[in-house]
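Step one of this worksheet: look at the structure below.
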Amino acid sequence: MTNRYEAWPSLPVDSWIDTRDTVHLWTQIVGKTRMALGPAVNHWWGVTLYVDGSGLTTSLMPAGDRGLEIKFDFLNHDLLFQLTDGTSRRMALAPRTVADFHDEYTRHLRELGLDVRIVGTPVELPHAVPFAEDTTHCSYDAEAMSTFWHSLVSADRVFSRFRGEFRGKSSPSHFFWGAFDLAVTRFSGRPAPTHPGGIPNCPDWVMHEAYSAEVSSSGYWPGGDEEGVFYSYAYPHPEGYDTHPAVEAPARWDSALGEWVLPYHLVRQAPDPDAMLRAFLEQTYRAAVETAGWPSS
């Protein structure tokens, strides 16, 4: 099942929130697999997922002397396991509990000869029910997931171009399954003070590594407004960042989030959505650079 392709589609959060929250947990199971199999990379870049031609992928992970890729296909609504020896498995993306998803998922890994051990509880969520016991989250709206993926494709396009114009250290455009958001981050090259932590069901040392260096980070999160938001923040937070005149309306400072936000629905309704989002990324980056006194890059 697929829906009509729109580069910047409308998808009110209330219309798919149960699906969003269920798939969020599924991505955590798959993302933890990448964390278990792949090498550690600074700032947790080694655990993220990536937008691809049909959904989200782990990219190729080492699996003994083989390679493994796991893909969420939001066009055909399958989860695909593909090994470099030619073996593969598929499981349906359909209404099912997290416990059922976890059970079939781990069975496929065993049948593929893969001994993957992950921490069996969610992170960055206030209520961390073990995956194997979660019979509450059970929704899957196929059309909504295809639509959300379309929005990720467009956000990824703009984020990747923004990343490409920076000469310093910058992350890929990648999908963090902890918070279920797409993000891109630029680094000043200077160390940062130890992050205070305090994220629900996430050890403080995880945040210490994530924010060990000074950053200007932006992303897209399907929450925080009627159709989600684009956001931007600086760590550590420099004085004057939240009032810097470079950041123009309709972007606004969200004191609860501690971030600049630009509602998704305003971007998709703009005459040139890519240009509007690009301006937000550039303006908030300029605010970080000028208030924190970043070195030239």
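Quick look at the values:
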| quantity | calculated |
| --- | --- |
| Yes/no for Ser59 being at pLDDT 95 or above and either under 27 Å from Trp16 (Cβ atoms) or in contact with a Ser or Thr (Cβ under 7 Å, 6 or more places away or on another chain) (or both) | yes |
| Qualifying positions in the range 109-130 - of a type outside the set (Val, Ile, Thr), closer than 14 Å to Phe81 by Cβ and in a loop (DSSP other than H, G, I, E, B) | Leu112, Gly113, Leu114 |
| Test result for Leu112, more than 24 Å from Glu227 (Cα to Cα) and aliphatic (A, V, I, L, M) | yes |
| Test: residue in the range 80-98 that is surrounded by fewer than 14 Cβ atoms within 10 Å (Cβ to Cβ), closer than 24 Å to Tyr211 by Cβ and not charged (D, E, K, R) | no |
| Set Gly86, Gly55, Gly46: member being without any contact (Cβ under 8 Å) to a residue 24 or more places away in the chain and either under 16 Å from the mean Cα position of the chain (by Cα) or closer than 19 Å to Gly178 by Cβ (or both) | Gly46 |
| Selected residue [of a type in the set (S, T, N, Q) and touching a Cys at 6+ places or on another chain (Cβ under 8 Å)] from Thr19, Thr84, Thr97 | Thr97 |
| Count - residues of the range 29-57 that are of a type in the set (Gly, Ala, Ser) and in contact with a strand residue (DSSP E or B) (Cβ under 8 Å, 6 or more places away or on another chain) | 4 |
| Residue satisfying all of: in the range 1-56; of a type in the set (Gly, Ala, Ser) and part of a helix (DSSP H, G or I); nearest to Ala94 (Cα to Cα) among these | Ser15 |
| Test: Thr121 is touching a residue at least 40 places away in the same chain (Cβ under 8 Å) and either in contact with a His (Cβ under 8 Å, 6 or more places away or on another chain) or not assigned by TED's automatic domain parsing to the domain that holds Leu56 (or both) | no |
| Every residue from the range 153-164 that is small (Gly, Ala, Ser) and either surrounded by fewer than 19 Cβ atoms within 10 Å (Cβ to Cβ) or not assigned by TED's automatic domain parsing to the domain that holds Val215 (or both) | Ser160, Gly164 |
| Scope the range 245-272; condition crowded, with 18+ Cβ neighbours inside 10 Å and within 20 Å of the chain's Cα centre (by Cα); matching residues | Glu259, Trp260, Val261, Leu262, Pro263, Tyr264, Val267, Arg268 |
| Given (1) more than 24 Å from Gly219 (Cα to Cα); (2) surrounded by fewer than 19 Cβ atoms within 10 Å (Cβ to Cβ), number of the condition Met61 does not satisfy | (2) |
| Unmet requirement for Leu75, which otherwise passes all of (1) of a type in the set (A, V, I, L, M); (2) surrounded by 18 or more Cβ atoms within 10 Å (Cβ to Cβ); (3) out of contact with any His (no Cβ under 9 Å at 6 or more places or on another chain); (4) in the same structural domain as Gly55 (by TED's automatic domain parsing) | (2) |
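For every residue, the table says whether it meets (1) at pLDDT 95 or above; (2) farther than 22 Å from Cys138 by Cβ; (3) not acidic (Asp, Glu).
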position: Thr87; (1), (2), (3): yes, yes, yes
position: Ala92; (1), (2), (3): yes, no, yes
position: Pro95; (1), (2), (3): yes, no, yes
position: Asp100; (1), (2), (3): yes, no, no
position: Leu109; (1), (2), (3): yes, no, yes
position: Gly113; (1), (2), (3): yes, yes, yes
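Table: residues versus (1) crowded, with 16+ Cβ neighbours inside 10 Å; (2) of a type in the set (Gly, Ala, Ser); (3) modelled with pLDDT of 95 or more.
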| residue | (1), (2), (3) |
| --- | --- |
| Val129 | yes, no, yes |
| Glu133 | no, no, yes |
| Thr136 | no, no, yes |
| Tyr140 | yes, no, yes |
| Phe148 | yes, no, yes |
| Ser151 | yes, yes, yes |
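Per-residue answers, yes or no, for (1) within 16 Å of the chain's Cα centre (by Cα); (2) of a type in the set (S, T, N, Q):
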site: Leu152; (1), (2): yes, no
site: Val158; (1), (2): yes, no
site: Glu165; (1), (2): no, no
site: Trp177; (1), (2): yes, no
site: Gly189; (1), (2): no, no
site: Ser218; (1), (2): yes, yes
site: Tyr241; (1), (2): no, no
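The values are calculated or read from the model by the stated rules, or taken from the named source; none is laboratory data. Here the structure is a predicted model, which means the values were calculated and not measured. Cβ: placed from backbone, ideal geometry, glycine included. Neighbour counts: every protein chain shown.
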